[in-house]
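S.K.: First the structure, which I've put down as structure tokens, then a few questions once you've had a look.
The values are calculated or read from the model by the stated rules, or taken from the named source; none is laboratory data. Model, not experiment: these values are computed from the prediction. We place every Cβ from the backbone using ideal geometry, glycine too, and count neighbours over all the protein chains shown.
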């Protein structure tokens, strides 16, 4: 009986086992990446929604801000000095949230449904004469793609 070791066969078996281990590792890694990406997207969505809630909450809790906001969206040109600056600060905050949501959706970090939920109020909001006047003077502060979208609304 010949007990000679066939090193070529052992090497081939080792390569097959190694290749199988690599495939299993890649499958596991792909699942982890997908899971992490989904978790990051959900966290991003929650953060954006929370910021929109905080924006609305600050208007509800501070009558002077809600009054300024109301006057500004209807007639931006009537605001002067510090009022115009405070109104612009409010509107920039809101439009930055919309812009983040838009770019997040286009880059796959935010679900399309979240963008659709944000786009409807943006469309309505964009219709106010004060917002239109403000946008004409400040749209260059925003990304070109987002500015084009808002202009099309």
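S.K.: Can you find even one residue in the stretch 48-65 that is within 24 Å of residue 37 (Cα to Cα), surrounded by fewer than 13 Cβ atoms within 10 Å (Cβ to Cβ) and under 24 Å from the mean Cα position of the chain (by Cα)?
M.R.: Yes, there is a match, as at least one residue in the stretch 48-65 is within 24 Å of residue 37 (Cα to Cα), surrounded by fewer than 13 Cβ atoms within 10 Å (Cβ to Cβ) and under 24 Å from the mean Cα position of the chain (by Cα).
S.K.: Still on this structure, please answer the following. Could you tell me which residue of the stretch 110-125 is surrounded by the fewest Cβ atoms within 10 Å (Cβ to Cβ), considering only residues that are in contact with a helix residue (DSSP H, G or I) (Cβ under 8 Å, 6 or more places away or on another chain) and more than 14 Å from residue 97 (Cβ to Cβ)?
M.R.: By that ranking, first place goes to 112.
S.K.: Could you run through the stretch 38-47 and say how many residues are in contact (Cβ under 8 Å) with a residue 60 or more places away in the chain and either surrounded by fewer than 16 Cβ atoms within 10 Å (Cβ to Cβ) or not in a helix (DSSP H, G or I) (or both)?
M.R.: Count: 1.
S.K.: Please tell me if residue 149 is assigned to a helix (DSSP H, G or I), under 18 Å from the mean Cα position of the chain (by Cα) and either at pLDDT below 95 or over 26 Å from residue 36 (Cα atoms) (or both).
M.R.: yes
S.K.: Name every residue in the stretch 67-112 that is at pLDDT 90 or above, over 20 Å from residue 123 (Cα atoms) and under 28 Å from the mean Cα position of the chain (by Cα), in order of residue number.
M.R.: Correct list: 68, 84, 85, 86.
Quick grid of which residues meet (1) surrounded by 14 or more Cβ atoms within 10 Å (Cβ to Cβ); (2) more than 21 Å from residue 48 (Cα to Cα); (3) without any contact (Cβ under 8 Å) to a residue 40 or more places away in the chain; (4) out of contact with any strand residue (DSSP E or B) (no Cβ under 8 Å at 6 or more places or on another chain):
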{"site": "75", "(1), (2), (3), (4)": "no, yes, no, yes"}
{"site": "84", "(1), (2), (3), (4)": "yes, yes, yes, yes"}
{"site": "133", "(1), (2), (3), (4)": "yes, yes, no, yes"}
{"site": "147", "(1), (2), (3), (4)": "yes, no, yes, yes"}
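S.K.: Every residue in the stretch 133-146 that is assigned to a helix (DSSP H, G or I) and more than 20 Å from residue 72 (Cα to Cα), please.
M.R.: Answer for the stretch 133-146, where residues must be assigned to a helix (DSSP H, G or I) and more than 20 Å from residue 72 (Cα to Cα): 144, 145, 146.
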